[in-house]
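Asks: Quick one: structure below, then a few questions.
The values are calculated or read from the model by the stated rules, or taken from the named source; none is laboratory data. If you're wondering where the values come from, they're calculated on a predicted model, not measured in any experiment. All Cβ positions, glycine included, derive from the backbone under ideal geometry; neighbour counts span all protein chains shown.
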Amino acid sequence: MEVNKKRSNYDLQVDIARKIFMEYDQELLIRKFQLQADEQWIFLQYLNTPCRISRRDGRVEEELHGCGFSECRSYDTVMTIYDLLCYSRGEAMPVLFQKWHTINSLSVGRSPEAGGFTKTYAQVFQKHKKELKAACESLGGVVQTPMARADLTCLIPVTSFFPVMLQFWEGDDEFEPQLVLLWDENYSSFLHFETTFYLQGDLLERLKKRLERR
């Protein structure tokens with residue numbers, strides 16, 4: 001006799017979010033964000049990975065390594081996609097101000113802090129600037145003119161309508177490596193503050209995995 005596996009809170013939250021997504025006007029979302037769709041699916045790119053959302057039950061599927069679509073159960077991925085599509089109000093897509101700031105400078109007095117989290121990944125990327133650049137480009141990133149003397153500045157499209165900016169400084173004998181994600185000044189019109197941490201973790205973990213495969 002099979003014993004039912006206990007589902008994690010993350011799985012439960014993914015399923016709850018899926019049901020909430022189904023309450024939204026899908027035609028409005030398609031028009032608003034200029035997405036491709038047919039009778040069964042809504043299509044989008046998420047961190048340069050082809051994804052689709054079922055119009056029947058709201059599940060998110062992704063295509064990995066050219067092996068066809070399969071359901072995505074990653075909490076960070078699914079919650080970010082739903083939030084980017086459903087959070088903003090009105091029929092028009094919000095406007096990007098194209099002015100870049102750290103999340104803490106845009107959200108004074110809120111928590112959690114981002115610095116300790118990115119510090120861990122900065123250590124992973126230390127002495128791997130070229131590999132990090134290639135990993136960013138594999139996610140659709142476009143290298144930018146260096147900002148604040150960073151060793152790497154890269155604009156990474158999360159979706160076709162929402163990017164983030166990554167900056168990386170390699171460490172030396174005097175300074176530890178530093179990694180910073182910058183957000184558009186109008187980010188809060190696109191997604192919840194809390195979702196920036198889901199997205200940050202998802203993005204940096206994908207970069208880490210690409211470095212490990214090289």
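Asks: In the range 25-44, what residues are among the aromatic types (Phe, Trp, Tyr) and over 13 Å from Ser160 (Cβ atoms)?
Replies: Answer for the range 25-44, where residues must be among the aromatic types (Phe, Trp, Tyr) and over 13 Å from Ser160 (Cβ atoms): just Trp41.
Asks: On to the next question. Could you please find all residues in the range 74-101 being more than 19 Å from Glu63 (Cβ to Cβ), small (Gly, Ala, Ser) and touching a residue at least 24 places away in the same chain (Cβ under 8 Å)?
Replies: Within the range 74-101, Ser88, Ala92 qualify.
Asks: Take the range 42-51 and flag every residue that is surrounded by fewer than 20 Cβ atoms within 10 Å (Cβ to Cβ) and farther than 17 Å from Arg206 by Cβ.
Replies: Once the filter is applied, which keeps residues that are surrounded by fewer than 20 Cβ atoms within 10 Å (Cβ to Cβ) and farther than 17 Å from Arg206 by Cβ, the range 42-51 yields only Phe43.
Asks: Next question, about the same structure. Just name the residue that is surrounded by the fewest Cβ atoms within 10 Å (Cβ to Cβ) out of those in the range 1-28 that are assigned to a loop (DSSP other than H, G, I, E, B) and at pLDDT 95 or above.
Replies: Among those that are assigned to a loop (DSSP other than H, G, I, E, B) and at pLDDT 95 or above, it is Glu23.
Asks: If you take the residues in the range 25-83 that are within 20 Å of Lys209 (Cα to Cα) and of a type in the set (A, V, I, L, M), which one is nearest to the chain's Cα centre (by Cα)?
Replies: Among those that are within 20 Å of Lys209 (Cα to Cα) and of a type in the set (A, V, I, L, M), it is Leu47.
Asks: What about Ala122, is it in contact with a strand residue (DSSP E or B) (Cβ under 9 Å, 6 or more places away or on another chain), aliphatic (A, V, I, L, M) and closer than 25 Å to Phe168 by Cα?
Replies: yes
Asks: Output the strands (runs of 3 or more DSSP E) that fall wholly within the range 35-120 and possess 3 or more residues being within 23 Å of Phe193 (Cα to Cα), or say none. Full working, then the answer.
Replies: Numbers: elements: 41-46, 49-54, 60-63, 69-71, 100-102.
The qualifying strands (runs of 3 or more DSSP E) are 41-46, 100-102.
Asks: With (1) surrounded by fewer than 13 Cβ atoms within 10 Å (Cβ to Cβ); (2) modelled with pLDDT under 95; (3) of a type in the set (A, V, I, L, M) as the list, and Ala114 as the residue in question, which single condition is left unmet?
Replies: (1)
Asks: So, one more: Which numbered condition trips up Thr153, out of (1) of a type outside the set (A, V, I, L, M, F, W, C); (2) over 26 Å from Met79 (Cβ atoms); (3) not in a strand (DSSP E or B)?
Replies: Every listed condition holds for Thr153 apart from (3).
Asks: Now for a separate question. Taking only the range 80-105 into account, find how many residues are over 17 Å from Phe33 (Cα atoms) and buried (at least 18 other Cβ atoms within 10 Å of the Cβ).
Replies: 2
Asks: Shifting gears a bit: Hey, can you tell me all the residues within the range 48-71 that are out of contact with any helix residue (DSSP H, G or I) (no Cβ under 6 Å at 6 or more places or on another chain) and hydrophobic (A, V, I, L, M, F, W, C)?
Replies: Once the filter is applied, which keeps residues that are out of contact with any helix residue (DSSP H, G or I) (no Cβ under 6 Å at 6 or more places or on another chain) and hydrophobic (A, V, I, L, M, F, W, C), the range 48-71 yields Cys51, Ile53, Leu64, Cys67, Phe69.
Asks: Mind listing whichever residues of the range 143-158 are surrounded by 12 or more Cβ atoms within 10 Å (Cβ to Cβ) and either within 17 Å of Asp184 (Cβ to Cβ) or among the aliphatic types (A, V, I, L, M) (or both)?
Replies: The answer is Val143, Gln144, Met147, Ala150, Leu152, Thr153, Cys154, Leu155, Ile156, Pro157, Val158.
Asks: Same structure, new question: Restricting the search to the range 182-208, which residues are surrounded by fewer than 21 Cβ atoms within 10 Å (Cβ to Cβ), in contact with a Leu (Cβ under 8 Å, 6 or more places away or on another chain) and outside any helix (DSSP H, G or I)?
Replies: Across the range 182-208, the qualifying residues are Glu185, Asn186.
Asks: Would you be able to tell me the number of residues in the range 185-214 that are over 15 Å from Leu96 (Cα atoms), acidic (Asp, Glu) and over 11 Å from the mean Cα position of the chain (by Cα)?
Replies: 2
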